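**Student:** There's a structure below that I have some questions on.
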Amino acid sequence: MATVVLGSQWGDEGKGKLVDILAQATDVCCRCAGGNNAGHTIVIKDPNGQKVMYDFHLLPSGLINPHCVGIIGSGVVIHVPSFFAELDKLQEKGLDCTGRLFISDRAHVVFDFHQIVDGLKEVELGGKSIGTTKKGIGPAYSSKASRSGMRIHHLFNEEAFAAKFRQLVEGRFKRYGHFEYDTEGEIERYK
């Protein structure tokens, strides 16, 4: 049997709380969409009875259940540095995700320039801005929709990654003007 939790609107609907409740008896917990622009906190008691707070933004919260496998699916956009920062924080608090967290190689990557473009787009909209978190989620999905985005699997071929990445950034420079961004530094970061 599969249980699916989907939101019917953008925003805080309590999906995380519901997933947290359901994941206590779940073998697999998957994220199918979204990015690290939102999240929720789960508070549990450790074996000593002390409260521990876990903050989830990108990783599936079902990982709280030590028998649950977490999957980040192809519809999710992933800012890789934020992924590792979140994973490190969870593990520092005692949550062991070893061998039970998987990412689809078809998931799209959010790069730092997506975050910059997110802010530039808000400025461009002026008084009609939508109030994004400036985490680059919308621009990453725009890259995905225009078929110019990069997926996790692109990171495994350094030469092809670098060429495609430069082309992607140049396209954003043409659209938004040349903003301050270290293209070569970002390429090195992903080697």
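The values are calculated or read from the model by the stated rules, or taken from the named source; none is laboratory data. What you are looking at is a predicted structure, and each value in this text was computed from that prediction instead of being measured. No Cβ is skipped: glycine too gets one built from the backbone with ideal geometry, and neighbour counts run over all protein chains shown. Areas reflect the complete protein model, heavy atoms only, side chains present, ligands, DNA and RNA absent. Shrake-Rupley method; radii C 1.70, N 1.55, O 1.52, S 1.80 Å.
**Student:** Quick check on region 75-90. Is at least one of its residues open to solvent by 10 Å² or more (accessible area, probe 1.4 Å) and more than 18 Å from the chain's Cα centre (by Cα)?
**Tutor:** Scanning region 75-90 turns up no residue that is open to solvent by 10 Å² or more (accessible area, probe 1.4 Å) and more than 18 Å from the chain's Cα centre (by Cα).
**Student:** Within the bounds of region 78-85, is there any residue that is of a type outside the set (Gly, Ala, Ser) and either touching a strand residue (DSSP E or B) at 6+ places or on another chain (Cβ under 6 Å) or outside any helix (DSSP H, G or I) (or both)?
**Tutor:** Checked against the condition, which is being of a type outside the set (Gly, Ala, Ser) and either touching a strand residue (DSSP E or B) at 6+ places or on another chain (Cβ under 6 Å) or outside any helix (DSSP H, G or I) (or both), region 78-85 yields at least one hit.
**Student:** Only residues in region 89-115 that are in a loop (DSSP other than H, G, I, E, B) count as the first member; pair them with residues that are open to solvent by 50 Å² or more (accessible area, probe 1.4 Å) and among the small types (Gly, Ala, Ser), Cβ under 6 angstrom, at least 6 apart or cross-chain, and list the lot.
**Tutor:** Ser104/Ser74; Arg106/Ser74; Ala107/Ser74
**Student:** Checking Gly14 against (1) on the phi > 0 side of the Ramachandran plot; (2) touching a Phe, Trp or Tyr at 6+ places or on another chain (Cβ under 6 Å), which single condition isn't satisfied?
**Tutor:** (2)
**Student:** Consider Arg100 carefully, then state whether it is in contact with a Cys (Cβ under 8 Å, 6 or more places away or on another chain) and surrounded by fewer than 20 Cβ atoms within 10 Å (Cβ to Cβ).
**Tutor:** Criteria met by Arg100.
**Student:** Moving on to the next point. Taking region 26-42 on its own, how many of its residues are open to solvent by 70 Å² or more (accessible area, probe 1.4 Å) and without any contact (Cβ under 8 Å) to a residue 24 or more places away in the chain?
**Tutor:** Of the residues in that region, 1 qualify.
**Student:** Step by step: first the residues of region 123-163, then only those that are open to solvent by 70 Å² or more (accessible area, probe 1.4 Å) and basic (Lys, Arg), then the one that is farthest from Lys191 (Cα to Cα). Which residue is that?
**Tutor:** Lys128
**Student:** Could you please give the count of residues in region 164-179 that are open to solvent by 60 Å² or more (accessible area, probe 1.4 Å) and either under 18 Å from the mean Cα position of the chain (by Cα) or at pLDDT 95 or above (or both)?
**Tutor:** Adding up the residues that qualify gives 4.
**Student:** Something else now. Counting just the residues of region 43-72 that are open to solvent by 10 Å² or more (accessible area, probe 1.4 Å), touching a residue at least 24 places away in the same chain (Cβ under 8 Å) and of a type in the set (Val, Ile, Thr), which one comes out nearest to Glu92 (Cα to Cα)?
**Tutor:** Val52
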